[in-house]
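Notes to accompany the following structure.
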Amino acid sequence: MNLLTVKQLTKSYQGSKAAVSNLSFELNKGECLGLVGESGCGKSTLARCLLRIEPIDSGSIQFKGEPIEKLNERQLLPYRKKIQIVFQNPSAALNPKLKIKDSLIDPFVQYRKELNLSHFSYTSKEAFVKQLLEAVELTPDLADRYPHELSGGQRQRVTIARAISIEPELIVLDEPTASLDVISQGAVLSLLTELRETLNLSYLFISHDLAAVSQMSQRMMVMKNGKLIEQFNRDQLFSKERHSYTKELISIF
Ligand SMILES: Nc1ncnc2c1ncn2[C@@H]1O[C@H](COP(=O)(O)OP(=O)(O)OP(=O)(O)O)[C@@H](O)[C@H]1O
């Protein structure tokens, strides 16, 4: 089933050439679609446009066939809980003044009335927070700590737990492991794959790291200077038909 359809999406910042230019792709339910490209090629701009954090210049974004590019904030509410984002820097994503349990419960409290959870269940705040921490393989005692009392890897697990707490359909992962050391990176990527399968999630996985993208994704897209160069199945990554730019990226890794 088709979850997200993007057609001819273009976005430019004032006074600059298009950061994202005429981008078209589809993302299917249950898959991880990878997007790889060097720094500054427009990956985060695309992520922000999909989340409607940035307005787009032209093109369309459909979620399950519904155009969402022109919806106002109130009309967007039902989509806000279906599409979540995990950013590169978990420290910026967590409120330093809130204990982990309060950050974790926040999306649930915000969307409580519209939620129909199937994997998690809410009986009490404590029990719910415990379930979330367990889902991302963290111990329950972290609930009472503040973000600065956690490691970078633990903080990123907390932001992932927040994103999955309301059981979204799609998560945009924007360089989710870029701030982590290699061992934590591997662990977080394995966790994300497990969660996708358990919770029937779909991912748009954005990274400059070709190895990570190819490990996670069933299909991949390559972006350069705001444009999509090509898209292909993961098992076609090393095919001789690949674009010369993709081959260049492969040669660097
Ligand atoms: N708020 C902004 N205002 C003006 N220009 C911006 C803004 N955000 C990004 N840009 C420009 O848009 C282009 C794409 O940036 P973007 O952050 O989307 O790239 P990226 O591929 O995510 O890079 P990185 O991997 O380094 O995060 C760059 O030329 C950048 O300078």
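The values are calculated or read from the model by the stated rules, or taken from the named source; none is laboratory data. As the structure is a prediction and not an experimental result, all values here were calculated from the model. Cβ coordinates were reconstructed from backbone atoms using ideal geometry, including for glycine residues, and neighbour counts include every protein chain displayed. The protein model used for the area step is the full one, side chains on, heavy atoms only, and it has no ligands, DNA or RNA in it. Shrake-Rupley method; radii C 1.70, N 1.55, O 1.52, S 1.80 Å.
Proximity of backbone amide H atoms, modeled 1.01 Å from N, is registered between Lys224 and Ile229 at under 5 Å, excluding neighbours fewer than 5 places apart on the same chain.
Net charge in the neighbourhood of Val109 (other residues with Cβ under 13 Å of its Cβ; Lys, Arg +1, Asp, Glu -1) is +3. Each Lys or Arg adds one and each Asp or Glu takes one away; over the other residues whose Cβ falls under 15 Å from the Cβ of Asn2, this sums to +1. Karplus-derived 3J(HN,Hα) values for segment 40-49, using 6.51 cos²θ - 1.76 cosθ + 1.60 with θ = phi - 60°, are x, 7, x, 5, 5, 4, 4, 4, 5, 5 Hz; glycine and proline are entered as x. Residues whose amide H lies under 5 Å from that of Leu35, counting only those 5 or more places away or on a different chain, are Phe205, Ile206, Ser207, Met221; hydrogens are built 1.01 Å from N in the peptide plane. Quick one: net charge around Leu77, please, counting Lys, Arg +1 and Asp, Glu -1 for every other residue with C-beta under 14 Å from its C-beta. Value of the local net charge: +4.
Using C-alpha pairs below 8 Å separated by at least 6 residues, the relative contact order for the chain is 27 percent. Couplings for segment 109-122, taken from phi via the Karplus curve 6.51 cos²θ - 1.76 cosθ + 1.60 with θ = phi - 60°, read 4, 5, 10, 2, 5, 9, 8, 9, 6, 10, 8, 8, 9, 9 Hz in order; Gly and Pro are left as x. Between segment 1-48 and segment 112-167, the C-alpha centres lie 29 angstrom from each other. Taking a straight line from the alpha carbon of Lys247, these aspartates and glutamates sit under 20 Å away, with near neighbours fewer than eight places off in the same chain left out: Glu38, Asp209, Glu230, Asp235. Computed over every Cα-Cα pair of segment 89-167 and binned at 10 Å starting from 0, the pair-distance distribution P(r) comes out as 20, 58, 21, 1 percent.
Taking the protein heavy atoms of the chain in the context of the full set of protein chains, the accessible area attributed to carbon and sulfur is 48 percent at 1.4 Å.
Relative to the longest principal axis of the chain, what angle (0 to 90°, nearest 10) does the C-alpha long axis of helix 182-199 take? Result, in degrees: 80.
What value, in deg cm²/dmol to 500, does the helix sum -39500 (n - 2.57) over DSSP H runs of n ≥ 4 give at 222 nm once divided by the residues of the chain? The per-residue figure over the chain is -10500 deg cm²/dmol. What angle, in degrees between 0 and 90 and rounded to the nearest 10, separates the Cα long axis of helix 125-135 from the longest principal axis of the Cα atoms of the chain? Result, in degrees: 40.
Rg and Dmax of segment 8-94, based on Cα coordinates, read 13.5, 38 Å. Per residue, the average separation of C-alpha pairs within less than 8 Å and at least 6 apart gives segment 89-167 a relative contact order of 50 percent. Between segment 228-251 and segment 72-105, what is the separation of their alpha carbon centroids in Å? Spelled out, the Cα-based centre of one part sits 34 Å from the other.
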